[in-house]
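Single-structure report; data block below.
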Amino acid sequence: MGNSQKKGPGHGEGGGPHSQPGTPGHKRSPGNNTASSKEVQGKSPAVNGTLPADKSQDEPRGSGAVHSSTAGASCNQVAPCGALPPPLARLKNEGNMLFKNGQFGDALEKYTQALDGCAEAGIDSPEDLCILYSNRAACYLKNGNSADCIQDCSRALELRPFSLKPLLRRAMAYETLERYSKAYVDYKTVLQIDVSVQAAHDSVHRITKMLIDQDGPDWREKLPEIPLVPLSAQQHHKDEPSAEVLQARADRAQQEKARKAEARFTLLKQEGNDLVKSGQFQGAADKYNECLAIKPNECAIYTNRALCYLKLEGFAEAKQDCDSALQIEPNNKKAFYRRALAHKGLKDYLSASTDLQEVLQLDPNVQEAEQELETVTNLLRESLPANSQGEVSPPKNT
């Protein structure tokens, strides 16, 4: 495989033209413009000389069927091309149309004529010359002339280093000639420029196996140096993400926010509890304030803060916190008990007695509630002569 590709430059399979820009190409009939079946079906790369989904107006595309008529195509043959004057622009555009029609030999001749014209006219535009050499290299690759393809790609890359298409085409030509180390380096360079080129990914995977078989486990040490592509030459894709991707990102962000908030809440609550144990009730109340800013419907935080307010003799604030807790959990014993203490501090002994009886109804074994009920009952009796001349009896423990 590949013997015909190993001939000297200018003698590629299928009678491709010489690669020197001053040499006119050999005219071929359209019927002879495709690569040999041996080349196509053998070890040639999966993509023959073009980038996937290539939409460039300046470089030839793949070898599929042409969807426009010849008459329609001629309308674009005088379109301006960079710094090229109209006659050379016409040659280039004619070459592009011939390439799209699968007439690779005729396209090669047009590109050669355009390169000759550039040399005669003294045109030294690196961009235009790079494209012409790259286009002609694509013709050589299609016709199975890998040696001349490599030569033209190298010229294109001297003019514009790290150009994607010449690199990819040269890699394919190297692979066809079984020069796997050089092909590997070019494919890896392509992926530094544009990681989305699937043909390069596939080829790297395929060639890696060949290099292991050829050079053994130390195959990497025998590779030529892979150049480092500068950031300015890398192609950064900024496709708009889909609605599903945006929603998934939003969901992840919300989950992360909730996770951090939960962790913060747990930390603050523990710090508040520790401050209560050490008798630092104002500091604890401040921590519980921060907790409620994160989770405003956490019943335990209201009852904890109510305890702090009771210790600080903030009875009205304690009562309010217990009211909030009971709105969340109507049968919370701590909320009833601490509200009873708040009522006691506010000298509302009747309300205190009512809340203590609620505690004992929920749990008859709460001894603190029994003791407090006895206390507030006595306080209520003492307050009755001044308020109602003994007409109201204190409530009984039910």
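Of the residues screened, THR266 is one that is assigned to a helix (DSSP H, G or I), open to solvent by 40 Å² or more (accessible area, probe 1.4 Å) and β-branched (Val, Ile, Thr). Summed over the stretch 222-247, the residues that are among the charged types (D, E, K, R) and modelled with pLDDT of 90 or more give a count of 1.
List, please: which pairs have Cβ atoms under 7 Å, are six or more places apart or on different chains, and start with a residue in the stretch 241-261 that is within 21 Å of LYS295 (Cβ to Cβ) and end with one that is open to solvent by less than 90 Å² (accessible area, probe 1.4 Å) and assigned to a helix (DSSP H, G or I)? Sorted first by the residue in the stretch 241-261, then by its partner, the pairs are ALA261/ILE294.
Being open to solvent by 50 Å² or more (accessible area, probe 1.4 Å), among the hydrophobic types (A, V, I, L, M, F, W, C), at negative phi and in contact (Cβ under 8 Å) with a residue 40 or more places away in the chain: is that true of ILE193 here?
no
Within the stretch 168-182, the set of residues being in contact with a Pro (Cβ under 8 Å, 6 or more places away or on another chain) and either closer than 15 Å to PRO224 by Cβ or among the small types (Gly, Ala, Ser) (or both) comprises ALA171, GLU175, SER181, LYS182.
With respect to the conditions (1) touching a Ser or Thr at 6+ places or on another chain (Cβ under 9 Å); (2) in contact (Cβ under 8 Å) with a residue 60 or more places away in the chain; (3) crowded, with 24+ Cβ neighbours inside 10 Å; (4) not polar (S, T, N, Q), TYR174 lacks only one, and its number is (2). The set of residues in the stretch 303-321 that are within 49 Å of the chain's Cα centre (by Cα) and either farther than 18 Å from GLY279 by Cα or surrounded by fewer than 16 Cβ atoms within 10 Å (Cβ to Cβ) (or both) contains only ASP321.
The values are calculated or read from the model by the stated rules, or taken from the named source; none is laboratory data. This one's a predicted model, so the numbers in the text were calculated from it and none came from an experiment. Cβ coordinates were reconstructed from backbone atoms using ideal geometry, including for glycine residues, and neighbour counts include every protein chain displayed. Surface areas here come from the heavy atoms of the whole protein model, side chains and all, with no ligands, DNA or RNA. Shrake-Rupley method; radii C 1.70, N 1.55, O 1.52, S 1.80 Å.
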